[in-house]
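Notes follow once the structure below has been shown.
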Amino acid sequence: MSAAENALTLDSPIDTVSGIGKIKKALFERVGIRTVSELLCYAPSGWIDTAPAKFSEASGGAVRLFVATVLTRPARAYIKGGRRSVSFSVSDGEERATVCYLNQPYAASAFEKGETVLLMGRVCSYSGKLWLFSPQKLKKAPDAVKLAVYPKTAGLSDNDFRKAVASVLHLCGLLPDPLPESLLKKNSLPSLGEALRALHAPKDDASLAAAKRRLGYDALLRLALRVSAFEEKRSKDLFDPFENPDMKNFFGQFPFTFTDCQLRALSQIAGDLTGSGKRPVMNRLLQGDVGSGKTAVAAAACYICAANGFNSVVMAPTEILASQHYEFFKKIFSPLGIRTAFLSGSAGKAERDYFNSCFEDPDGVPVVGVGTHALLEPGAKINNAALAVIDEQQRFGVGQRGKLAEKCRIANTLVMTATPIPRSLALFLFSPDNVSELDSLPPGRLPVKTYLIGENKRERLTAFMDELVSKGGRVYVVCPLIDESEDPLGLNSAAETAKRIAEALPERRVALLHGKMKNAEKDAVMAQFASGKAQILVSTTVIEVGVNVPEANLMVIENADRFGLSQLHQLRGRVGRGKTQSFCVLVTARRNADALRRLKKLCETGDGFEIARFDLEERGPGDFFGTLQSGHGFGEGFGEELTQSVREDAVFVRESDPALAEKLSGARVSLN
Ligand code: ADP
Ligand code: MG
């Protein structure tokens with residue numbers, strides 16, 4: 001250790017670390033790192049396994065290291081978009097791959113035919129060939145078993161982080177641990193310093209796993225503290241409950257009868273909203289698998305409010321979903337003399353004025369306002385509302401959920417989620433009495449037949465699409481967003497996929513939907529697909545939630561390994577809504593046994609709760625909480641048992657150390 005490193009303390013400014021000058025200092029500051037301690041607390045977002053891999057095991061997957069022999073001389077060429085490429089073949093002793101550098105002409109002189117090189121990058125497969133785009137050429141093998149990768153920041157590379165961290169890593173032991181020793185012992189967790197040291201420079205898999213568990217624990221504990229503070233506040237928020245209205249006219253608007261579980265959920269909601277005496281506002285979670293009919297239950301809750309002269313608001317995470325809800329609610333409510341109004345970010349002045357005027361109606365005609373986050377804006381007038389419904393809650397944070405309720409006169413909240421949360425996790429967010437479950441689907445639904453295929457079956461898949469469409473069916477094709485460094489030619493993009501299908505099936509209309517389109521364009525495309533003018537809809541995940549096209553009977557998911565199981569299950573829920581047999585085809589180029597096992601789970605079961613449980617055990621709760629958690633996906637190895645323990649621990653911390661509880665549940669946390 002050099003003298004300079006010896007002089008560093010946790011509080012030293014970041015530019016006292018060797019190698020960090022003015023420019024890098026500014027970049028580090030941009031991600032909130034001003035001191036050595038903040039650098040150490042900046043947790044990596046992933047790790048690269050440094051054991052050399054074979055191309056076959058790594059295809060389509062993570063960044064890996066390869067020992068490869070250069071088989072051909074680097075050749076320069078021009079490719080589409082006027083870009084220059086350098087490419088050559090390599091072998092890992094078993095298989096060949098093509099290495100390709102874009103706009104890096106000097107790469108041509110960095111490789112010689114016959115030499116053996118160490119490459120770090122991602123292998124992907126297109127049209128039966130393996131590719132490595134712009135891999136890094138390493139001079140020597142790293143000594144660590146895993147290399148940390150940091151959240152992406154313009155201007156700072158992983159190497160910048162690794163170098164800076166290496167020179168201050170010895171200070172980890174000095175980091176104060178906010179958690180009491182007793183909790184660490186009880187849950188067999190490493191100290192914060194130990195955990196961070198293992199995250200930045202893992203010695204072995206076991207210590208890395210323990211470190212992730214520690215950070216996952218911290219995130220869950222914070223969440224549990226925040227939620228219990230929120231619940232306590234809410235339980236003091238009292239209102240005069242409503243009268244139980246006659247629901248006959250309401251039920252009369254539906255072409256179906258409510259299922260038993262819908263009725264059960266409804267009576268639980270009615271129990272929260274109606275009755276006598278003062279009572280705490282409703283704070284209920286309604287969870288049910290995709291297609292279980294949550295929207296109709298939400299409508300019933302809005303009806304109870306309207307019948308008592310109160311307005312309500314319904315918030316959905318995307319414009320498409322919000323407008324579908326709006327259409328549905330309008331159909332149900334207008335014959336009942338209840339207004340509906342729509343609001344989204346793209347609404348024009350007239351639409352906004354109409355929305356606000358409904359809520360400011362002097363005659364007090366009740367209104368159900370449906371919209372996106374736009375409902376949270378100060379310009380959206382939400383007068384006299386007694387209910388906030390939040391659909392697809394996993395897309396919103398605790399903060400947003402509270403914000404909508406705060407705009408209501410009475411903060412009754414109904415939160416709906418289509419990613420079934422295993423019970424123990426749901427209990428983080430709601431107490432047991434406040435969870436309603438729709439545990440069966442409406443009658444007459446056929447389970448979606450699900451298959452997992454590799455690239456080699458692509459032609460058969462195309463023929464299958466054609467066959468279904470010829471019989472009146474409709475097809476969704478979903479493509480994940482793939483990072484430019486892995487897919488510089490955009491071959492995996494929705495646009496390219498749409499082009500490929502259109503070329504293969506010239507008789508069919510193929511429509512394209514992606515997140516960058518304007519809302520009006522998206523609506524037009526959805527309308528084409530819903531009406532059957534277009535029979536194949538290729539999209540990014542914008543269609544994930546809620547969209548309802550009963551004729552759609554095939555869901556194709558490209559690069560299926562890129563999605564979480566629960567997300568795949570939700571996507572699959574877009575089909576199987578009509579009377580004919582529906583199918584879901586998961587396409588993956590991966591041959592990794594773990595990835596395939598996960599995907600096969602979906603082929604075996606259609607039960608969202610079972611899938612969620614499996615996903616939880618495999619991946620930890622990070623995915624379920626999304627933005628609720630502080631952003632990272634730590635939490636591997638979290639069974640239901642440990643989550644239960646965290647809830648107890650939260651009670652313990654709140655009782656034994658209120659100041660610590662306050663500090664931990666603060667909005668911003670020190671770990672990124
Ligand atoms: P989700 O729970 O995924 O939000 P939706 O509320 O969108 O599900 O309902 C899915 C479909 O099922 C809709 O077309 C809806 O009209 C229909 N549906 C809801 N309840 C019933 C029922 N009791 N019987 C028949 N169909 C129903
Ligand atoms: Mg829904």
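Residue by residue, segment 157-169 carries 3J(HN,Hα) couplings of 9, 4, 5, 4, 5, 4, 5, 4, 5, 4, 7, 10, 4 Hz when phi is fed to the Karplus relation 6.51 cos²θ - 1.76 cosθ + 1.60 (θ = phi - 60°); x denotes Gly or Pro.
The residues of segment 59-128 have, on average, 49 Å² of accessible surface per residue, using a 1.4 Å probe with all protein chains present. Count charges around LYS278 for me, please; just the other residues with Cβ under 13 Å from its Cβ, Lys/Arg as +1, Asp/Glu as -1. Once positives and negatives cancel, what remains is 0. For Cα pairs less than 8 Å apart in space and 6+ apart in sequence, what is the mean separation divided by the residue count of segment 449-605, i.e. the relative contact order in percent? About 32 percent, as a whole number. With the cut-off at under 19 Å, measuring from each backbone N in segment 241-256 to a point 7 Å along the Cα-to-Cβ line of LYS278 picks out 241-243.
Can you give the net charge of the other residues whose Cβ lies under 13 Å from the Cβ of ALA301, counting K and R as +1 and D and E as -1? Summing Lys and Arg as +1 and Asp and Glu as -1 gives 0. Considering only DSSP beta bridges where both residues belong to the chain, give the percentage that are antiparallel (nearest 5). Of those bridges, close to 40 percent are antiparallel. Legend: residue pairs LYS449/LYS518; LYS140/LYS203; LYS137/LYS601; LYS129/LYS203; LYS80/LYS140, Cα-Cα distance threshold 28 Å; pairs beyond threshold, LYS449/LYS518; LYS137/LYS601; LYS129/LYS203; LYS80/LYS140. Dipole check for the chain: with +1 at the C-beta of Lys and Arg, -1 at the C-beta of Asp and Glu, and the Cα centre as origin, the magnitude is about 1640 Debye. Taking amide H as placed 1.01 Å from N in the peptide plane, the amide H of ALA385 sits under 5 Å from that of ASN311, ARG409, ILE410, each at least 5 places away or on another chain.
Ellipticity at 222 nm from helices only: DSSP H runs of n ≥ 4 in the chain, each -39500 (n - 2.57), divided by the residue count, give -11000 deg cm²/dmol. Farthest towards the positive end of the charge dipole of segment 51-138, among the residues VAL123, PHE133, VAL67, is the Cα of PHE133, using unit charges on the Cβ of Lys, Arg, Asp and Glu. The string of couplings for segment 561-576 from the Karplus curve (6.51, -1.76, 1.60, θ = phi - 60°) is 5, 6, 9, x, 4, 5, 5, 4, 4, 5, 4, 4, x, 5, 10, x Hz, one whole number per residue in order, with x for Gly and Pro. With respect to the chain, whose longest principal axis is taken over its alpha-carbon atoms, helix 608-619 is tilted by about 30°. Each of ILE79 and GLU181 was given a label point 7 Å from its Cα along the Cα-to-Cβ line. The distance between the two points is 5.9 nm. Just the protein heavy atoms count here, and of the accessible area of the chain at 1.4 Å, carbon and sulfur take up 52 percent. Relative to the longest principal axis of the Cα atoms of the chain, helix 294-307 runs at roughly 40 degrees.
Using the Cβ-Cβ distance between ARG445 and THR16 with R0 = 56 Å, the FRET efficiency computed as 1/(1 + (r/R0)^6) comes to roughly 0.30.
Under 19 Å of direct C-alpha separation, and excluding same-chain neighbours fewer than eight residues apart, LYS381 reaches these lysines: LYS349, LYS403, LYS407. Residues within the reach of a label modelled at SER188 (point 7 angstrom out along Cα to beta-carbon, backbone nitrogen below 18 Å), restricted to segment 209-228, are 209-218. Per residue, segment 449-605 exposes an accessible area of 43 Å² to a 1.4 Å probe, with every protein chain left in place.
When the charge dipole of the chain is built from unit charges on Cβ atoms (+1 for Lys and Arg, -1 for Asp and Glu) and taken about the Cα centre, the candidate among CYS100, VAL469, ILE33 whose Cα reaches farthest toward its positive end is CYS100. Across segment 515-521, rounded Karplus estimates of 3J(HN,Hα) from the backbone phi angles (6.51 cos²θ - 1.76 cosθ + 1.60, θ = phi - 60°) give x, 7, 6, 5, 4, 4, 5 Hz, Gly and Pro being marked x. Over all alpha-carbon pairs of the chain, lay out the pair-distance distribution in 20 Å bins, whole %, shortest bin first. Calculated P(r), rounded to whole percents: 16, 45, 33, 6, 0.
Between ASP204 and ARG458, the C-beta separation translates, for a Förster distance of 30 Å, into a calculated FRET efficiency of about 0.15. Considering the dipole of segment 151-305 built from charges on the beta carbon (Lys and Arg +1, Asp and Glu -1) around the Cα centre, which of LEU169, GLY271, PRO255 is farthest to its positive end? Looking along the dipole axis, the top candidate is LEU169. When both bridge partners sit in segment 449-605, DSSP labels roughly 0% of those beta bridges antiparallel. The gain in end-to-end length when the THR69 to LYS139 segment is fully stretched comes to 23.7 nm, 0.36 nm per residue minus the alpha carbon separation.
Each Lys and Arg contributes +1 and each Asp and Glu -1, all at the Cβ; summed about the Cα centre of segment 449-605, the dipole is approximately 580 debye. Less than 5 angstrom separates the built amide H of GLY275 from those of PHE242, ASN244, all sequence-distant by 5 or more or on a different chain. Placing +1 on the Cβ of every Lys and Arg and -1 on the Cβ of every Asp and Glu, with nothing else charged, gives segment 18-129 a dipole about its Cα centre of roughly 640 debye. Count the net charge of all other residues whose Cβ sits under 12 Å from the Cβ of THR35, scoring Lys and Arg as +1 and Asp and Glu as -1. Value of the local net charge: -2. Scanning residues 5 or more positions from LEU130 or on other chains, those with amide H under 5 Å from its amide H are THR98, with H placed 1.01 Å from N in the peptide plane.
Among the trypsin sites (Lys or Arg not before Pro) in segment 220-291, those placed in a DSSP loop whose Cβ has at most 11 other Cβ atoms within 10 Å are LYS236, LYS278.
The values are calculated or read from the model by the stated rules, or taken from the named source; none is laboratory data. It should be emphasised that the depicted structure is a prediction, and the values quoted were computed from it without experimental measurement. Cβ coordinates were reconstructed from backbone atoms using ideal geometry, including for glycine residues, and neighbour counts include every protein chain displayed. The area values use the complete protein model at the heavy-atom level, side chains included, leaving out ligands, DNA and RNA. Shrake-Rupley method; radii C 1.70, N 1.55, O 1.52, S 1.80 Å.
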